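Trainee: Before anything else, here's the structure in question.
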Amino acid sequence: MEKLSNYTFNRANGFRLKYFFLVFLLLNFFALVAQPFLIPQPQKIELTSGYFPFSASTTFDLSNNEENQTLELLNSKIKLLFGFEINGSKPKFSENFISFQLNNELQPEEYKIKIAEKSISILYGKKAAQHAISTLVQLFYFNKNSTGASKIPCMSVEDVPVFKWRGMHLDVSRHFFPVTFIKKYIDILSLYKMNSFHWHLTDDQGWRIEIKKYPKLTSIGAWRKGSMLGRYRDHNIDTVSYGGFYTQDEIREIVSYAAARNINIVPEIEMPGHSLAALSAYPEFACIDSVFEAAKTWGVFDDVYCTKEKTFVFMEEILEEVCTLFPSEFIHIGGDEVPKTRWKTCPNCQNRIKSEGLKNEEELQSYFIRRIEKFINSKGKKIIGWDEILEGGLAPNAAVMSWRGTEGGIAAAKQKHNVVMSPGSHCYFDHYQSTPEFEPIAIGGFTPVQKVYAYDPVPTELSAEEKKFILGAQGNVWTEYITTASDVERMAVPRVIALSEVLWTPKQNCDWENFSNRLHEHQQFLKIMGINSSSSIYDVLYKSIPSDNNDYAIELQSQKSGKIYYTINGKNPTTDDQLYTKPIKLNATATLKAALFLENDSTGKLLEKKFYHSLSSGKKITFIEPPSSYYKGENGFHLVNGILESGAEIRNKCTGWCNADAEFEIDLGKICSIKKISVYYLNDKKNEIFPPQNIIFSFSKKSGGTELKNISHSNSVHINGDHVIEEFENCKARFVHVRVLNPKRITNNNSAKKDCWILLDEIHIE
Ligand code: ACM
Ligand code: ZN
């Protein structure tokens, strides 16, 4: 090989290089400009000259091979987008036709599209027909003109995915969704080239798959006698019977529907935990002699399958039918959240531990999974389970789905086991995707689209060799708080679209700005397709942040870039109002109204939020009694950040003390005249959060306990609703010492065993 240093740079070379570079840039620019809308972005697009006219008179070539199904799939989308269907023709026309051809030399998920002026020719690997269809319908739609037809720029597309497991999950146990919706969900997945549907078919709240050998699983186990209304913590349960299940005929129909769209269905049969619904039908497989019911509430329950011999017969006979119904290479066996409570005192389980020479109940769980794995392997299939299946030792051939962060996935890959990444931080689509107080109730968390898009499924902790075990990633839609099909769509879309590009497109080609522009174009496309997509990327998110001079400032942000205009005078903002360029400081309490503007039009929801401003705003807090590590409230800043919290996530925004008084000092920065102090707190006695017993204010011109003077509180401080207001006369101080008495101290009676929390939201000093 010639040494590179032999190359000598001269002006002519330099010019040629520059010229070449310019042409290269221009070609790329045109490729991007002409096709800025495809999601996921294909690996390679090369534009050539001319256009292919697409209209109702375009035909589909059926002369070479049987592509009737492809034509049907293509037409189902064309019909929605254009209102017409195209005809198949045999022999093929000499112009304006589309041809599909299977090519076994391509990788299974690889496809190539060549668009010329007279024809569109597609070659596809054996699992890639749907991928080519998805690209094609996007090309047709996004090049549609006012006449309702399209002029598609001539080009060649060469495309293949980066990851081989591109999955979405759906929990149909907490809430049940009918066959028509399962098909629609599969359609959504296939439209964005996902290839795996993890169907969470069994859980405590309902068994959803017909098993011929055990009919009570569905006649009894598919029904619960009530469901939770609202948040878990409110503990309201209705008495309405709720349930449903899929017959084996329906499952076969769905499996075949999915296969036609290159979606593999991975069924999940939960074991040994999350099994109350099954135990309600067949209580003989539990550790204790009892009667069980499908759960009405969400959570993790102590009653799990017993490890006695007959349970394994039961499980294997169920799995026998499951393996026959689903062609999937993988069967998901759950394995998560298994309390060992019952096993610890069950004679059968303790015998099992002894007879198998196991150390403890963790190893008993591993024994359970290994036995099931042996059975599934004997059917020519593999198991995949949640990352708890690592505990007590991984079964020899098991794949791991990493949900409690990435650690489980990393550990499994290091042990040379296949891994699907699905960490709560980026892949739980049951989390909030916008400001919780303005969103319907979700389970918690905050996983906006932009965060999903930033996900890299391959942990940097792994070596190149270990990285090969990361098959891909999966988004999970748990449905405790998702009750309707339309809500499933709102939670899944557009996060699934972001995940689809993360998993399909090489990382170096992923760019949020570019993606969010394409996603913006897709919103209308989704609407026409009848898909309910969240518009959260246009929401204005707010945050109170510490600013200079011991104050706070309001930071505004949107995921989609654009201009944010705002007002603090009550008017709805227009482009004539204040343009947001830096965090906003207030000098009095005000209601902020803000909205994102794209091309001078307001887009998305109007943010409307009151911010309080007083002498204490953003001032330094010194804790005398430190708050609980769970509710530290950003070292006191949350007490003075100007926001009266609301919404489902309110607790996490408060500062909390457990079984102790709250005690702290506020430094107002200078001596001020103090007339009134308002203390806002949470009152949620059901959840051990109590109003203050009393509040003692002390004032001083200097900091520190012994210096405190001018104590002017009264024992009869007025406690009302969710706040306390105390008024003062002739009070001048720089330091305000606040002690909020925890009622536990005073009412130390029989209920004293319970925790007693004080959760403070805001302190306003005027
Ligand atoms: C899970 O979220 N329990 C796997
Ligand atoms: Zn037992």
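Read-outs throughout are calculated quantities, based only on the coordinates presented, and are distinct from any laboratory measurement. None of these values were measured; they are calculated from a predicted model. All Cβ positions, even for glycine, are placed from backbone atoms using ideal geometry, and neighbour counts span all protein chains on display.
Trainee: Let me know the volume per residue of the alpha-carbon convex hull for the stretch 86-145, in Å³.
Mentor: Hull volume over Cα atoms, normalised by residue count, gives 95 Å³.
Trainee: Using only alpha carbon pairs under 8 Å that are at least six residues apart, calculate the relative contact order of the chain and give it in whole percent.
Mentor: Across the chain, relative contact order equals 8 percent.
Trainee: In degrees, nearest 10, range 0 to 90: what is the angle between the Cα axis of helix 309-325 and the longest Cα principal axis of the chain?
Mentor: 50
Trainee: From the phi angles alone, apply the Karplus equation (6.51, -1.76, 1.60; θ = phi - 60°) to the stretch 237-254 and give each ³J(HN,Hα) in whole Hz, x where the residue is Gly or Pro.
Mentor: Couplings: 10, 7, 10, 8, 5, 9, x, x, 7, 9, 6, 5, 5, 5, 5, 4, 5, 6 Hz.
Trainee: Cα to Cα, under 19 Å, and not fewer than 8 places away if on the same chain: which lysines meet these conditions relative to residue 359?
Mentor: Residue 359 reaches 308, 340, 344.
Trainee: A further question follows. So what is the relative contact order for the stretch 204-318, in percent, with contacts set as C-alpha pairs under 8 Å and at least six apart?
Mentor: 31
Trainee: Same structure, new question: In Å, what Kirkwood hydrodynamic radius results for the stretch 403-555 from the alpha-carbon pair distances?
Mentor: 17.1
Trainee: Rounded, prolate or oblate: which fits the stretch 546-670 when a ≥ b ≥ c are the square roots of the eigenvalues of the alpha-carbon gyration tensor, with rounded for a/c under 1.5 and prolate only if a/b beats b/c?
Mentor: prolate
Trainee: How much net charge surrounds residue 589 when only other residues with a Cβ under 14 Å from its Cβ are counted (Lys, Arg +1; Asp, Glu -1)?
Mentor: That works out to +1.
Trainee: Now for a separate question. Please sort 316-326, 391-401 by packing, taking for each peptide the average over its residues of neighbouring beta carbons within 10 angstrom, highest first.
Mentor: Highest-to-lowest ranking by the protection proxy: 391-401, 316-326.
Trainee: Using the Kirkwood radius over Cα pairs, work out the Stokes-Einstein diffusion coefficient for the stretch 138-282 at 37 °C and 0.692 mPa s, in µm²/s as a whole number.
Mentor: For these conditions, the coefficient is 185 µm²/s.
Trainee: Where in the stretch 496-575 are there trypsin sites (Lys or Arg not before Pro) that are in a DSSP coil and have at most 13 other Cβ atoms within 10 angstrom of their Cβ?
Mentor: Here the trypsin sites (Lys or Arg not before Pro) that fit, given the DSSP loop and packing criteria, are 571.
Trainee: Which far-off residues, 5 or more places away or on another chain, put their amide H under 5 Å from the one on residue 306, with H placed in the peptide plane?
Mentor: 286, 287
Trainee: Find out how many positive minus negative residues lie around residue 76, taking Lys and Arg as positive, Asp and Glu as negative, among other residues whose Cβ is under 12 Å from that of residue 76.
Mentor: +2
Trainee: Now for a separate question. Report, in degrees rounded to the nearest 10, the 0 to 90 angle that the Cα long axis of helix 179-191 makes with the longest principal axis of the chain.
Mentor: The two axes meet at around 80 degrees.
Trainee: Taking the alpha-carbon distance from residue 381 and a cut-off under 17 Å, which aspartates and glutamates remain once sequence neighbours fewer than 8 residues away in the same chain are dropped?
Mentor: Partners within reach: 268, 270, 316, 317, 320, 321, 329, 373.
Trainee: Between helix 495-504 and the chain, what is the angle of the helix's C-alpha long axis to the longest principal axis, kept within 0 to 90° and rounded to the nearest 10?
Mentor: Approximately 50 degrees, to the nearest 10.
Trainee: What percentage of all Cα-Cα pairs in the stretch 295-416 are separated by more than 27 Å?
Mentor: The answer is 18 percent, as a whole percent.
Trainee: So which lysines pass the test for residue 151, namely a Cα distance under 23 Å, with those fewer than 8 places away in the same chain ruled out?
Mentor: Cross-link targets: 44, 77, 79, 92, 112, 114, 118, 527.
Trainee: Oh, and also: Spelling out what I want: for every residue of the stretch 653-658, take phi, set θ = phi - 60°, compute 6.51 cos²θ - 1.76 cosθ + 1.60 (Karplus), and round to whole Hz; glycine and proline get x.
Mentor: In residue order, the calculated couplings are 9, 9, 10, x, 10, 10 Hz.
Trainee: Does the stretch 554-627 classify as rounded, prolate or oblate by the C-alpha gyration tensor (a ≥ b ≥ c root eigenvalues; a/c under 1.5 gives rounded; else a/b over b/c gives prolate, otherwise oblate)?
Mentor: prolate
Trainee: Evaluate the Kirkwood expression for the hydrodynamic radius of the chain, namely the inverse of the mean inverse distance over all pairs of different C-alpha atoms, and round to one decimal in Å.
Mentor: 29.9 Å is the Kirkwood radius here.
Trainee: What spacing in nm lies between the two simple spin-label points modelled at residue 241 and residue 588, each 7 Å away from Cα in the Cβ direction?
Mentor: The modelled label-to-label distance comes out at 6.2 nm.
Trainee: Hey, what did the stretch 397-482 get for relative contact order, percent, Cα under 8 Å, at least 6 apart?
Mentor: Answer for the stretch 397-482 is 34 percent.
Trainee: How many angstrom separate the Cα center of the stretch 166-185 from the Cα center of the stretch 597-659?
Mentor: That distance is 37 Å.
Trainee: About its Cα centre, what dipole magnitude does the chain give when the only charges are +1 on Lys and Arg Cβ and -1 on Asp and Glu Cβ, stated in debye to the nearest 20?
Mentor: Computed charge dipole of the chain: roughly 1040 debye.
Trainee: Right, here's the next one. So which chymotrypsin sites (Phe, Trp or Tyr not before Pro) in the stretch 607-647 end up in coil per DSSP with only 11 or fewer other C-beta atoms within 10 Å?
Mentor: The qualifying sites are 630.
Trainee: Report for the chain the percent antiparallel among DSSP-assigned beta bridges with both residues inside it, nearest 5.
Mentor: Around 65 percent antiparallel, to the nearest 5.
Trainee: Using only Cα atoms, locate the centre of the stretch 537-563 and the centre of the stretch 231-279, then give the distance between them in Å, rounded to an integer.
Mentor: 41
Trainee: Filter the cross-link list 582/609; 126/184; 543/686; 354/414; 127/416 down to pairs whose alpha-carbon distance in this structure exceeds 21 Å.
Mentor: Pairs exceeding the cut-off: 126/184; 543/686; 354/414; 127/416.
Trainee: Then there's this: 5 Å is the cut-off here: which amide hydrogens, built 1.01 Å from N in the peptide plane, fall below it relative to residue 231, excluding neighbours closer than 5 in sequence?
Mentor: none
Trainee: Name the long-range amide H neighbours of residue 428: under 5 Å, sequence gap of 5 or more, or other chain; modelled H, no Pro or chain starts.
Mentor: For residue 428, whose amide H was placed from the backbone, the distant partners under 5 Å are 476.
Trainee: Turning to a different aspect of this structure: Once the other residues with Cβ under 14 Å from the Cβ of residue 642 are scored (Lys, Arg +1; Asp, Glu -1), what is the net sum?
Mentor: -1
Trainee: Right, next: Could you work out [θ]222 nm for the chain from helices alone, using -39500 (n - 2.57) per DSSP H run of at least four and dividing by all its residues? Round to the nearest 500 deg cm²/dmol.
Mentor: Here the helix-only value at 222 nm equals -7500 deg cm²/dmol.
Trainee: Could you pull out the GluC sites (Glu not before Pro) across the stretch 98-131 that fall in loop regions by DSSP (anything but H, G, I, E, B) with no more than 11 other Cβ atoms inside 10 Å?
Mentor: The qualifying sites are 105.
Trainee: Provide the per-residue ³J(HN,Hα) series for the stretch 286-297, in order, calculated from phi with Karplus coefficients 6.51, -1.76, 1.60 and θ = phi - 60°, each as a whole number of Hz, with x at glycine and proline positions.
Mentor: Each residue of the stretch 286-297 in turn: 8, 6, 10, 7, 7, 10, 10, 10, 4, 5, 8, 10 Hz.
Trainee: With a ≥ b ≥ c taken as the square roots of the eigenvalues of the C-alpha gyration tensor of the stretch 203-314, please select rounded if a/c is under 1.5 and otherwise prolate if a/b is larger than b/c or oblate if it is not?
Mentor: oblate
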